[in-house]
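Trainee: There's a structure below that I have some questions on.
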Amino acid sequence: MSHLIDLVWPDEADDVLRDQVHRLVHDVVEAGGAVGYLEPPGRGETDALLDGVLAGVHRGEAALALARVDGTVQAMALWRRMPGHVFRRAAEVGKVMAHPSARGLGLGRLVVAAVVDSARAAGVETLTLGVRGNNYGAIELYEELGFREWGRLPNVIEVGHERFDQVRMYVDLGRAPGVVLRGSAPGGPGSSPSRLRGRAS
């Protein structure tokens, strides 16, 4: 059976959209999805999530991709700029999920690829995300889309009496001509000399 799949980028939310986003998040969490909730959230929580993201959309600090299947929201992903003036070109991907009834349609890949393209178009240079260490399928998808692991916090995600790693990943989206990449080289704003180098051995 073929389905009509389309991608939308909302900047406001009516009751229909709020209902559909709530259903998506609630059902994903109820099915055990690792999307930041221990229990299925109430409508107030998902409305607050939606309002916060859409406020960021209006400020140019976020984008929300929703995949609809036959007119119903069945997947989502978002990006938000990191706070602070020195991180204006960095953003975090979050709330990546697909409804359990829509698995196998490629919706996860669709929404993640879409937010990567959207962030690049918005001038983001580095896009990061965090994923639970046991979520191998998601990690493989992110790797296929260009993300690479840069570190992990061991056993920091708490689910009852269990603890899981948080795997941190990033993708470099490119930079404008003339940007100087200094990395960790000495000198420049905010630098300080090493207290160990130059000491007599």
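Trainee: Pull out all pairs, ordered by first then second residue, where Cβ-Cβ is under 6 Å, the residues are six or more apart or on different chains, the first lies in segment 172-191 and is free of Cβ contacts under 8 Å to residues at least 60 places away in the same chain, and the second is of a type in the set (A, V, I, L, M) and assigned to a loop (DSSP other than H, G, I, E, B).
Mentor: 173/124
Trainee: If you don't mind, another one. Going by what's in this entry, would residue 142 be described as hydroxyl-bearing (Ser, Thr, Tyr) and part of a helix (DSSP H, G or I)?
Mentor: Yes: the conditions hold for residue 142.
Trainee: Please go through segment 137-151 and pick out each residue that is under 8 Å from residue 171 (Cβ atoms) and in contact with a Lys or Arg (Cβ under 8 Å, 6 or more places away or on another chain).
Mentor: Passing the criteria: only 145.
Trainee: Still on this structure, please answer the following. Can you tell me which residues in segment 27-54 are assigned to a loop (DSSP other than H, G, I, E, B) and among the β-branched types (Val, Ile, Thr)?
Mentor: The one that is assigned to a loop (DSSP other than H, G, I, E, B) and among the β-branched types (Val, Ile, Thr): 35.
Trainee: Okay, moving on. How do the pairs read when you match residues in segment 109-120 that are surrounded by fewer than 20 Cβ atoms within 10 Å (Cβ to Cβ) with residues anywhere that are part of a helix (DSSP H, G or I) and not basic (Lys, Arg), using Cβ under 9 Å and keeping only pairs 6 or more apart or on different chains?
Mentor: Short answer, once both residue conditions are applied: 109/141; 109/144.
Trainee: Shifting gears a bit: Inside segment 123-147, can you point out the residues that are within 24 Å of residue 32 (Cβ to Cβ), hydroxyl-bearing (Ser, Thr, Tyr) and within 12 Å of the chain's Cα centre (by Cα)?
Mentor: Hit for segment 123-147 is 142, nothing else.
Trainee: Could you say whether any residue in segment 6-17 is in a helix (DSSP H, G or I) and surrounded by 16 or more Cβ atoms within 10 Å (Cβ to Cβ)?
Mentor: Yes, segment 6-17 contains at least one residue that is in a helix (DSSP H, G or I) and surrounded by 16 or more Cβ atoms within 10 Å (Cβ to Cβ).
Trainee: Restricting attention to segment 37-53, and to residues there that are touching a residue at least 24 places away in the same chain (Cβ under 8 Å) and either loosely packed, with under 15 Cβ neighbours inside 10 Å or hydrophobic (A, V, I, L, M, F, W, C) (or both), which single residue is nearest to residue 157 (Cα to Cα)?
Mentor: Filtering first and then ranking leaves 38.
Trainee: Can I ask one more? Tally the residues that are at pLDDT 95 or above and under 12 Å from the mean Cα position of the chain (by Cα), restricting the search to segment 54-96.
Mentor: Of the residues in that region, 17 qualify.
The values are calculated or read from the model by the stated rules, or taken from the named source; none is laboratory data. Note that the structure is predicted; figures quoted are calculated from it, not measured. Every residue, glycine as well, gets a Cβ built from its backbone with ideal geometry; the counts of neighbours run over all protein chains shown.
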